[in-house]
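*Asks:* Below are the structure tokens for one structure; questions will follow.
The values are calculated or read from the model by the stated rules, or taken from the named source; none is laboratory data. A quick note: this is a predicted structure, and the numbers were derived from the prediction, not measured. Cβ placement follows ideal geometry from the backbone for every residue including glycine, while neighbour counts extend to all protein chains displayed.
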Amino acid sequence: MIGPFKKRTPHPHPLPSSGEREFRAVLMALIGLTLMSCQPKSDVTEVTVQRIFGECRANVPQGQAPIKNPDGECEVVTHLLDEFQKANPDIKLKVNIAPWPGYDQLSAQFASGDPPDIATMHMSAMPDFASRGLIEPLDGGFKEVSLDVDNFTPAARNGVTIDGQVYGMPFDNWTQLWHVNMNLFAKAGLVRDGQPILPRNPDELLAQARQFKAKTGLPYLLQPTDNERAAFTRNLFTYLLDQKAVVFSDPKTIRLNTPEARRIVNLFKQIYAEGLMAPGQDYPAAMAAFLNGEGGICLVGTWMIGTFEAEANTAGRPLYQGYTVKPYPMLYGTEQAAFVDGHAWVMPKRDRTPAERAAVLKLMKFLQVHDYDWARTGHLPTQKDVAQSAQYLSLPHRNDIVALASTGKTLPAGVERQFAIQDIVGDEMASAIRGHKSVDAALSDAEHRVNDLLFHVLSRQDR
Amino acid sequence: MTASSLKSRGSWTNALFVAPYLFVYLCLLIYPLIAGMGLSLFKADLFGGGTFVGFENFARLFRDEVFLQSVANTFYFVALTVPPLTVLPLFLALLLNRTTRVAAFFRGVFFSSSVLSVTIVTLVWRMILMSEGGLASNITALFGAEAIAFLSDPKIVMISMAIITVWWCLGLPMMLYLSALQQVPKDIYEAAELDNASWWRTLWSITLPSVSRTIILVAIFECVLQFQLFGQPQLITQGGPNGASRPIVLFIFEIGFRRWDVGYAAAASQILFAIILIATLVQYFVTTRRSRSEALAQPKVRGNA
């Protein structure tokens, strides 16, 4: 025993100890929460939006216009969704950002029965999901919100229409383009009347590329070569269209082991072997190289126009007042051709309340109305009124590329698994161009692998 | 109540203790395993539907050059990573098995890479190994040498994957070895010191035999783990160039989730399962037999201390 304890006189109204006080506080909070949960259900309808295009909240503070790169894809789509949220306080958008192209995540969500309410989808991927009944036809829904499908451009309408039904709200059409560093082109003596001198056949291409390298010491072409499959495939498809080659003799059979394909792959292989294309670059490295003035032409899609144009307007940057963009120059024919695809917004099939369905359709209508804002990124507009508007055509370079919305071609609509095909073809093209495999072997393997894939796609009646 | 009925009831109720674990194990491991085996006999779509094709998927796999290349890549990767991941952490553990602050600091340093996610690891190594603008290429440029194509040369790419993986995975086996080393009784070392045993003799006759079970554990553990290589090539090379870094799991992922041909992917998974099982069993029997025969052949070090 330490010592005698003083006997305490009991307080007539004892004060609670700190432990008791905490207990009471927790109890009160629990009662409060319980009572709150008894209140009528919130009127806010929650909608899950799943999109690609990246994460850039740092450039678009909540409730504000973009403070950086205002015409970038990510910035525009983030701002558009914020604007919709602001205008519709009764709808809460829960935005998931999936890494490009988004189908690994979306496929897993479909397989587990928990897809989002609305998602971005490439037009080339839509037949796969539509034929399995995973996305909803939207003709009826669009009528409910007065979303006019007759205002879709032909390329856009074609891209979202499957077996006569509209399955998505077309957001854009896109294609790969030649983005040109005019400052370096001038240095290489490849500018005439303020326009870049572009090749008209394979020999001119090689000659101009060699001239460019000799005068600037830099590669003529910048294109992702590492960890990249899509870009090589798009080059091949565009130049096959240029030669009017039949790529698919029927939706289950691709033809790649052909003289037309060999011509294209041999040309790119020579460009690569002569060091006229920068080696060892993945997508971010190739984009950074172009922005830093380390190459003449960047082969990338419409989506980079906004970003490159912003650089062209920034004093001190290598692209300052020295950027233009052109469709792929035709090397074999005379008629402009381009392999195009597009992004659309689709409504995955799942249980949803009428309010959730109405909210999704309202968002689609909002995105249609704001087609011009999205077209600022460089993508081709999907609405006729926007494509013909002075506002759109006055944007930089749009006069040069707007025709692609009608001349551009997709793969035949009946071809399934187009993204998987793109992977296989790109894989083999990369092997051939970088010299890891002979051109004949690569084309033969690509043809075999794609036809094997299509042969083993489960028939519709077995699904 | 008789003693035997009490005993039988006791053994029955004991099973309840493991029931939750058994339930989860059966649902999450055994059922998917059997379902996967069944699925491998079907031509099936990721979103449902299928037709029975027997062993056609397996026959297809053995004709598929991409799959055969992925099997060869996987074995090559295991051969590149398992020996260093078994030996290097042991050396590190031997060096760091002391109570100084410096040792504690370096234990933390070597373990720190293990806590990173594969996304961070690949992002960091991409910046190091990129042949255009990567740290390694900048260093070689300082010496006027050409950049090494770590990620775009089919002969080098798997070695790059192995370097990344060894750097990433060193920490855990090192910790296992450290814990095993700390279990070795100190009196054996004191006895060896009294006998004037050299450092090498002590290592060879006391330390290594004492941690031999941990060495086997680490080797088997790493073997199972490295056969399942996926994240590094998926994020850095997508299996390229020319399929040189595509392992079996990436092949399965591409077939299942990109091509939606899940029956074919399930068949490839069964082959991977069989490979891992056989490799683990062979390794286990070889190492345990060898350590048993060595134990019988060598005289015991422990004296009469």
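*Asks:* Going residue by residue through the range B:243-254, is there one that turns out to be farther than 26 Å from B:S114 by Cβ and among the polar types (S, T, N, Q)?
*Replies:* No, the range B:243-254 has no match at all.
*Asks:* Restricting attention to the range A:419-439, does a residue exist that is more than 14 Å from chain B (Cβ to nearest Cβ) and either charged (D, E, K, R) or closer than 15 Å to A:K252 by Cβ (or both)?
*Replies:* no
*Asks:* Do you know which of the residues in the range B:230-242 that are more than 7 Å from every other protein chain (Cβ to nearest Cβ) and surrounded by 24 or more Cβ atoms within 10 Å (Cβ to Cβ) is farthest from B:Q69 (Cα to Cα)?
*Replies:* That would be B:P233.
*Asks:* Among the residues of the range A:443-455, count how many are more than 9 Å from chain B (Cβ to nearest Cβ) and surrounded by 21 or more Cβ atoms within 10 Å (Cβ to Cβ).
*Replies:* The number of residues fulfilling the criteria is 3.
*Asks:* Something else about it: Among the residues of the range A:304-319, how many are out of contact with any Phe, Trp or Tyr (no Cβ under 7 Å at 6 or more places or on another chain) and in contact (Cβ under 8 Å) with a residue 40 or more places away in the chain?
*Replies:* The qualifying residues number 6.
*Asks:* Another one. Among (1) within 14 Å of chain B (Cβ to nearest Cβ); (2) more than 15 Å from the chain's Cα centre (by Cα), there is one condition A:D82 misses while meeting the rest; what is its number?
*Replies:* Going through the list (1) within 14 Å of chain B (Cβ to nearest Cβ); (2) more than 15 Å from the chain's Cα centre (by Cα), A:D82 breaks only (1).
*Asks:* Further, regarding this structure: Report every pair of residues separated by at least 6 positions or lying on different chains whose Cβ atoms are under 7 Å apart, first residue within the range B:243-262 and under 21 Å from A:G102 (Cα atoms), second β-branched (V, I, T).
*Replies:* B:F251/B:V66; B:G256/B:V262; B:D261/B:I255
*Asks:* Let me ask you something else. Checking the structure you have, find out if any residue of the range A:409-417 is free of Cβ contacts under 8 Å to residues at least 12 places away in the same chain and either assigned to a helix (DSSP H, G or I) or out of contact with any Ser or Thr (no Cβ under 6 Å at 6 or more places or on another chain) (or both).
*Replies:* no
*Asks:* Residues B:A44, B:A35: which one is in contact with a helix residue (DSSP H, G or I) (Cβ under 8 Å, 6 or more places away or on another chain) and within 14 Å of chain A (Cβ to nearest Cβ)?
*Replies:* B:A44
*Asks:* Being in contact (Cβ under 8 Å) with a residue 24 or more places away in the chain and either away from every other protein chain (no Cβ under 14 Å) or among the β-branched types (V, I, T) (or both) is the filter here; which residues of the range A:126-147 pass it?
*Replies:* Those that are in contact (Cβ under 8 Å) with a residue 24 or more places away in the chain and either away from every other protein chain (no Cβ under 14 Å) or among the β-branched types (V, I, T) (or both): A:M126, A:I135, A:E136, A:P137, A:L138, A:D139, A:G141, A:F142, A:E144, A:V145, A:S146, A:L147.
*Asks:* In this structure, is B:Y76 hydroxyl-bearing (S, T, Y) and without any contact (Cβ under 8 Å) to a residue 40 or more places away in the chain?
*Replies:* Here the answer is no, as B:Y76 does not meet what is asked.
*Asks:* If you don't mind, there's one more thing I want to ask. Return yes or no: is A:L458 in contact with an Asp or Glu (Cβ under 8 Å, 6 or more places away or on another chain) and either within 9 Å of chain B (Cβ to nearest Cβ) or farther than 21 Å from A:Y103 by Cβ (or both)?
*Replies:* Considered against the rule, which asks whether it is in contact with an Asp or Glu (Cβ under 8 Å, 6 or more places away or on another chain) and either within 9 Å of chain B (Cβ to nearest Cβ) or farther than 21 Å from A:Y103 by Cβ (or both), A:L458 comes out as yes.
*Asks:* If you check every pair at least six apart or on different chains, which have Cβ atoms under 7 Å apart with a residue in the range A:177-191 that is under 16 Å from A:A207 (Cβ atoms) first and a residue that is modelled with pLDDT under 95 and assigned to a strand (DSSP E or B) second?
*Replies:* Hits for this filter: zero, empty list.
*Asks:* So if I check each of B:L61, B:L68, B:L116, B:L129, which one is within 28 Å of the chain's Cα centre (by Cα) and away from chain A (no Cβ under 14 Å)?
*Replies:* Answer to the selection: B:L116.
*Asks:* Name the helices (runs of 4 or more DSSP H) wholly within the range B:197-305 that hold at least 3 residues that are modelled with pLDDT under 95 and among the hydrophobic types (A, V, I, L, M, F, W, C)?
*Replies:* B:212-226, B:262-297
*Asks:* Can you pull out the strands (runs of 3 or more DSSP E) entirely within the range A:91-201 that have at least 2 residues that are of a type in the set (A, V, I, L, M, F, W, C), touching a helix residue (DSSP H, G or I) at 6+ places or on another chain (Cβ under 7 Å) and surrounded by 22 or more Cβ atoms within 10 Å (Cβ to Cβ)?
*Replies:* Hits in the range A:91-201: A:118-122, A:169-181.
*Asks:* Now for a separate question. Tell me the helices (runs of 4 or more DSSP H) entirely within the range A:217-306 that contain at least 3 residues that are aliphatic (A, V, I, L, M) and under 24 Å from A:G54 (Cα atoms).
*Replies:* A:283-291
*Asks:* Something else: Answer yes or no as to whether B:V184 is within 14 Å of chain A (Cβ to nearest Cβ), of a type in the set (V, I, T) and more than 19 Å from the chain's Cα centre (by Cα).
*Replies:* No, not satisfied.
*Asks:* Need pairs with beta-carbon distance below 6 Å; first residue assigned by TED's automatic domain parsing to the domain that holds A:P199 and within the range A:236-249, second among the small types (G, A, S) and part of a loop (DSSP other than H, G, I, E, B); sequence gap 6+ or separate chains.
*Replies:* Once the first residue is assigned by TED's automatic domain parsing to the domain that holds A:P199 and sits in the range A:236-249, its partners that are among the small types (G, A, S) and part of a loop (DSSP other than H, G, I, E, B) give A:T238/A:A338; A:L241/A:A337; A:D242/A:G333; A:D242/A:A337.
*Asks:* In this structure, is B:L16 away from chain A (no Cβ under 14 Å), on the phi < 0 side of the Ramachandran plot and modelled with pLDDT of 95 or more?
*Replies:* no
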